[in-house]
Every structure is written in structure tokens, then in C-alpha cells.
1. Would you mind ranking 82, 7 so that the residue whose beta carbon has the fewest other beta carbons within 10 Å leads the list?
2. With runs of 4+ DSSP H residues as the only contributors, calculate the mean residue ellipticity of the chain at 222 nm using -39,500 (n - 2.57) per run, divided by the residue total and rounded to the nearest 500.
3. Can you give the three extents of the C-alpha atoms in the chain along their principal axes, from longest to shortest, in whole Å?
4. Ranked by Cβ crowding within 10 angstrom, fewest neighbours first, how are 10, 121, 57 ordered?
5. Please order 92, 99 by the number of other Cβ within 10 Å, starting at the fewest.
6. Quick check: pseudo-label points 7 Å beyond the Cα along Cα→Cβ at residue 57 and residue 26, how many nm apart are they?
Ligand SMILES: [Zn+2]
């Protein structure tokens with residue numbers, strides 16, 4: 001996994017987060033709202049290499065983003081998004097979160113018509129069997 005920051009990806013993510021706002025509310029998902037403070041913290045931590053970057057042996061790019069849900073994925077590209085704020089409210093580790101998002105990209109074709117809850121259950125079950133999650 002390659003970790004990086006991209007201004008373009010961050011802007012696209014801000015727009016995506018705004019567009020999906022009602023979906024996030026309906027599904028009761030935790031959303032980190034965009035703020036100048038978080039944006040500055042993200043960039044500062046990125047350039048001082050203080051953001052979590054767990055080793056994952058997969059040919060993916062992880063974009064750090066300043067708002068949104070903790071994790072997100074791209075349905076067709078090998079990339080995931082990571083908003084590393086308020087992680088104390090998240091029940092899993094950064095590594096588990098990113099493996100979850102990678103697993104989404106691998107099974108999207110199968111679950112695309114599932115409801116959000118069905119999709120999450122299926123992905124969590126697949127993730128447990130994902131060989132990546134057994135590697136250190
Ligand atoms: Zn998920």
C-alpha cells in the first residue's frame with residue numbers, strides 16, 4: 001500500500017461527502033465534517049509523517065482525506081481513502097479499516113445491488129477470509 005496526499009482527491013472527496021450526506025445520515029454512519037482546522041492538521045501530520053500508515057502488502061494507493069467517513073473505496077481503481085480523525089470512536093485499527101476498504105473493491109461487482117447493511121455484513125465475512133489480513 002502506498003500512502004499519499006492529493007489535493008485533487010481531497011477536493012473530490014469533499015464534494016462526494018456533501019453529495020452523499022443524506023445517505024450517511026440515513027445509515028447512521030460517522031462522518032468527519034470538513035474544517036480548516038482538520039485540513040491543516042492533516043497536512044501538518046502528513047508532511048511530518050505522523051499519520052497512521054500500516055504496512056499492507058497490496059498494490060493499492062491510499063489517499064488521506066480531510067473529511068468524510070473514516071474509510072472509503074473506489075469501485076474501479078485500486079485506491080482507498082482514509083480520513084484519520086476521531087479514530088478513538090472507531091472500533092477497529094487503521095489496518096483493519098483499510099483491509100475492509102480493499103475487500104470492498106474486490107467484491108463490489110457481487111454486492112453492488114445489496115443494501116448497505118447486507119453489503120457490510122458480506123464484506124466483513126469476506127475480510128475475515130482475505131489472505132491479506134493474516135499477513136503481518
Ligand atoms: Zn464497508
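1. Details: 82 23, 7 8.
Exposure proxy ranking, most exposed first: 7, 82.
2. Working: 5 runs with 63 residues, N = 136.
Dividing the helical sum by the residues of the chain leaves -14500 deg cm²/dmol.
3. Between the extreme Cα coordinates on each principal axis of the chain lie 37, 36, 28 Å.
4. Numbers: 10 21, 121 13, 57 9.
Least crowded to most crowded, the residues run 57, 121, 10.
5. Numbers: 92 13, 99 24.
Ranked by crowding around the Cβ, least crowded first: 92, 99.
6. Rounded to a tenth, the inter-label distance reads 4.1 nm.
Laboratory data are not the source of any read-out in this text; all were calculated from the coordinates shown. This one's a predicted model, so the numbers in the text were calculated from it and none came from an experiment. As a convention, Cβ positions derive from the backbone with ideal geometry for all residues, glycine included, and neighbour counts pool all protein chains shown.
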